[in-house]
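I have placed the structure first, in the form of structure tokens, so that the comments after it can refer back to it.
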Protein chains: 2
Amino acid sequence: MMMLDEFSLIRLFLSEIRAKPCLPLGPSDDACVLGLPSNEVVLTTDSLVEGVHFTRDICSFEDVGYKAVMVNISDISAMGARPLSILISLFLPEGFDKKALLEIARGVSMACESVDCSVCGGNMSRANGGLAISITAVGVLCGDKPILRSGAKPGDLIYVSGYLGSSALGLKLLLRSSNEAMRFGFLVSAFKRPSPRLALSEALSKIEGVHAMIDISDGFLQDLSHILRQSRVGAVIECETLPVHEQALEASRILGVDPFLEALTGGEDYELLVCIAPSFAQGIETLGLKKVGVITERENQIVLLREGKPIALPERTGFRHF
Amino acid sequence: MMMLDEFSLIRLFLSEIRAKPCLPLGPSDDACVLGLPSNEVVLTTDSLVEGVHFTRDICSFEDVGYKAVMVNISDISAMGARPLSILISLFLPEGFDKKALLEIARGVSMACESVDCSVCGGNMSRANGGLAISITAVGVLCGDKPILRSGAKPGDLIYVSGYLGSSALGLKLLLRSSNEAMRFGFLVSAFKRPSPRLALSEALSKIEGVHAMIDISDGFLQDLSHILRQSRVGAVIECETLPVHEQALEASRILGVDPFLEALTGGEDYELLVCIAPSFAQGIETLGLKKVGVITERENQIVLLREGKPIALPERTGFRHF
């Protein structure tokens with residue numbers, strides 16, 4: 001049974017937040033005043049729901065707090081912006097215990113510290129059902145303007161950062177056997193503790209030829225299709241060039257799945273998908289990007305090539321929770 | 001069964017939002033860029049949860065959308081700020097239907113229109129349990145500085161706007177009989193469709209002698225105690241001066257409750273509680289404020305007077321949902 005009232009719970013939660021100190025006006029009033037380095041702000045909100053995005057048997061509460069922050073930071077970052085602060089809305093099931101609350105706070109705090117982001121507000125409500133956490137992140141642009149989904153142009157080269165399919169395979173391993181998953185630290189971390197590409201996004205925000213960007217949260221194909229729809233263009237993707245970690249290859253063998261299908265549709269990698277004019281692409285791979293295809297004029301059309309030949313699109317292009 | 005995917009649901013939801021048009025960068029990217037009239041921003045977040053803050057039998061989905069916006073706008077307003085935009089996080093139970101989603105959107109839209117506020121972002125997740133809605137509101141200060149809870153000084157006069165206890169009595173009537181409640185439109189509206197005091201807050205933000213302010217969401221005594229704790233002062237309240245609507249008097253007789261106890265502890269009135277230096281208080285009642293007490297030096301001590309004599313504090317000082 002939870003014996004503390006809302007205000008004590010909030011104080012308890014804040015006691016674990018070691019990120020950049022809250023603004024003095026933060027936790028004592030219902031709203032906070034945040035000073036900005038410019039008069040533009042980048043805003044986003046995203047949620048994690050127990051039983052939908054995580055379960056207690058495969059994620060610790062610390063993981064949940066950490067990831068809830070990072071999925072929002074990733075969206076800020078994918079606009080070519082850097083995070084400043086977050087607001088946290090917690091929905092706590094009846095009987096949710098203090099220790100678990102502190103673990104969430106620790107995860108939130110670790111994530112905020114690692115991206116130099118403060119906590120400027122929040123709210124706690126009783127949940128009607130499972131635990132849920134909703135975060136709103138506030139950031140500012142790194143460059144002069146945001147990098148949108150709508151800017152891709154025919155002829156742009158398509159790049160991705162890091163490795164794809166890692167998170168989805170990490171989750172599949174965890175669901176099968178947590179003992180087996182232990183051997184695949186890279187994949188499990190990709191699922192539990194995503195690292196948004198802040199430095200890369202900042203570097204890209206200063207390159208004029210970067211036309212469009214998105215973070216790969218719903219799955220490569222689904223996120224690519226967002227860019228195609230908003231930019232009214234198409235794409236050709238060479239499947240073999242999709243960056244897949246060696247642990248992903250091994251895990252796919254064990255799980256009996258196709259690592260390239262995981263890379264195309266898995267989602268939750270929080271890597272960047274970037275469209276860059278060819279004349280600006282020289283040396284771009286030194287930033288940690290890999291070329292996987294090219295933007296075409298054929299609106300909303302994705303052509304997948306495998307060994308040079310077109311293959312059918314997978315039926316499921318990414319994560320759906322309805 | 002809900003047959004639409006997340007993106008179709010979001011488009012459907014946005015089709016009902018007739019508030020100030022979203023910024024062009026809003027709904028198509030994961031984050032939005034919001035231009036501000038200054039480089040300071042006021043932020044707050046609050047949630048409504050089915051079974052905790054509302055139930056479907058006494059509130060329409062339109063009411064829920066409307067109120068979720070207004071409780072946040074009220075927090076912005078109580079800082080001496082005006083709202084600019086909101087982000088909406090929706091948690092939809094499995095099988096939640098399109099018609100209900102549109103009703104929520106209509107309520108959100110009506111509330112935003114009435115306070116001239118845009119919708120700049122949002123997110124939809126499947127709920128694990130009942131419906132929930134979490135909103136983050138963004139605003140800017142009306143005056144040079146925010147009005148905090150921490151500024152009250154001994155000798156300040158305590159004022160409240162509107163009527164107290166209305167919302168709590170409206171809820172009690174609704175819980176007993178919706179037919180009976182129909183006669184008490186003022187009380188039912190206070191519960192279902194709160195109207196934050198934006199114009200009043202803006203006027204107060206320009207008066208130097210306004211030392212502290214809070215909106216009455218948790219109950220007059222509980223919200224007053226927040227000011228007392230943050231300001232390290234006490235208060236004397238004259239119960240008879242608490243503004244109580246004539247419908248509240250009549251409803252209290254029918255319900256067999258004490259209207260002044262409802263005024264002290266009911267909560268959710270979203271009226272303002274303001275502490276003003278006496279030298280600035282002349283004519284302040286013309287703004288729609290009523291004097292109910294005075295700030296004292298006795299830290300955290302509330303003295304309640306009834307017919308000039310101190311009475312005991314009620315055991316429950318306001319709303320608690322844990």
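The values are calculated or read from the model by the stated rules, or taken from the named source; none is laboratory data. Just so we're clear, the structure is a prediction, and the values are computed from it rather than from any experiment. Heads up, the Cβs are rebuilt from the backbone with ideal geometry, glycines too, and the neighbour counts pull from every protein chain shown. The area values use the complete protein model at the heavy-atom level, side chains included, leaving out ligands, DNA and RNA. Shrake-Rupley method; radii C 1.70, N 1.55, O 1.52, S 1.80 Å.
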Classify chain B from the C-alpha gyration tensor, please: rounded if a/c falls under 1.5, else prolate or oblate depending on whether a/b exceeds b/c.
oblate
Relative contact order %, the stretch B:213-270, counting alpha carbon pairs below 8 Å whose residues are six or more apart:
57 percent
Would you check the accessible area of B:ARG193, probe 1.4 Å, heavy atoms only, in square angstrom rounded to 10?
60 Å²
Could you sort B:LYS206, B:LYS172 by accessible area so the largest value comes first, with the probe set to 1.4 Å?
B:LYS206, B:LYS172
Let me have the relative contact order for chain B, percent, based on Cα pairs under 8 Å that are six or more residues apart.
22 percent
What does DSSP give for chain B in terms of the percent of beta bridges that are antiparallel, rounded to the nearest 5?
75 percent
Any residue on another chain or 5+ positions along whose placed amide H is under 5 Å from the amide H of B:LEU148 is listed here as B:MET213
With an 8 Å cut-off on Cα pairs and a minimum separation of 6 or more residues, tell me the relative contact order of the stretch A:157-311 in percent.
43 percent
From the square roots a ≥ b ≥ c of the eigenvalues of the alpha-carbon gyration tensor of the protein assembly as shown, which class results: rounded (a/c under 1.5), prolate (a/b over b/c), or oblate?
prolate
B:LEU313-B:SER38 FRET efficiency (beta carbon distance; Förster radius 41 Å; 0.05 resolution):
0.50
Report, in degrees rounded to the nearest 10, the 0 to 90 angle that the Cα long axis of helix B:61-77 makes with the longest principal axis of chain B.
50 degrees
When only the heavy atoms of the protein chains count and the probe is 1.4 Å, how do A:HIS226, A:HIS53 rank by accessible area, highest first?
A:HIS53, A:HIS226
On the full set of protein chains, 1.4 Å probe, figure out the accessible area of A:ASP116 and give it in Å² to the nearest 10.
90 Å²
Residues meeting the amide H criterion for A:ALA81 (H placed from the backbone, H to H distance under 5 Å, 5 or more places apart or on another chain) are A:CYS142
³J(HN,Hα), Karplus 6.51/-1.76/1.60, whole Hz, each residue of the stretch A:271-285, x for Gly, Pro:
8, 9, 10, 10, 10, 10, 4, x, 5, 9, 8, 4, x, 5, 5
Spin-label model distance (nm) - A:ASP57 vs B:MET182, 7 Å beyond Cα toward Cβ:
5.2 nm
In debye to the nearest 20, how big a dipole does the stretch B:202-322 give about its Cα centre with +1 on each Lys and Arg Cβ and -1 on each Asp and Glu Cβ?
380 debye
Using the basic label-point model (7 angstrom from Cα toward the beta carbon), what is the B:VAL303 to A:ASN300 distance in nanometres?
7.3 nm
I'd like the accessible area for B:PHE61: 1.4 Å probe, protein heavy atoms, all chains in place, Å² to the nearest 10.
40 Å²
Placing +1 at every Lys and Arg Cβ and -1 at every Asp and Glu Cβ, with all other atoms neutral, what dipole size does the protein assembly as shown have around its Cα centre, in debye to the nearest 20?
40 debye
Rounded, prolate or oblate, given the Cα gyration tensor of the stretch B:42-180, with a/c below 1.5 counting as rounded?
oblate
With each pseudo-label sitting 7 Å past Cα toward Cβ, what's the B:GLU240-A:SER189 distance in nm, one decimal?
7.2 nm
Along the charge dipole of the stretch B:6-141, which of B:VAL138, B:SER47, B:PRO37 sits closest to the positive end, that is, farthest toward it, with unit charges on the beta carbon of Lys, Arg, Asp and Glu (+1, +1, -1, -1)?
B:PRO37
Most to least accessible of A:GLU297, A:GLU238 (protein chains only, probe 1.4 Å)
A:GLU297, A:GLU238
Please give the Cα centre distance for the stretch A:205-280 versus the stretch A:94-115, rounded to the nearest Å.
31 Å
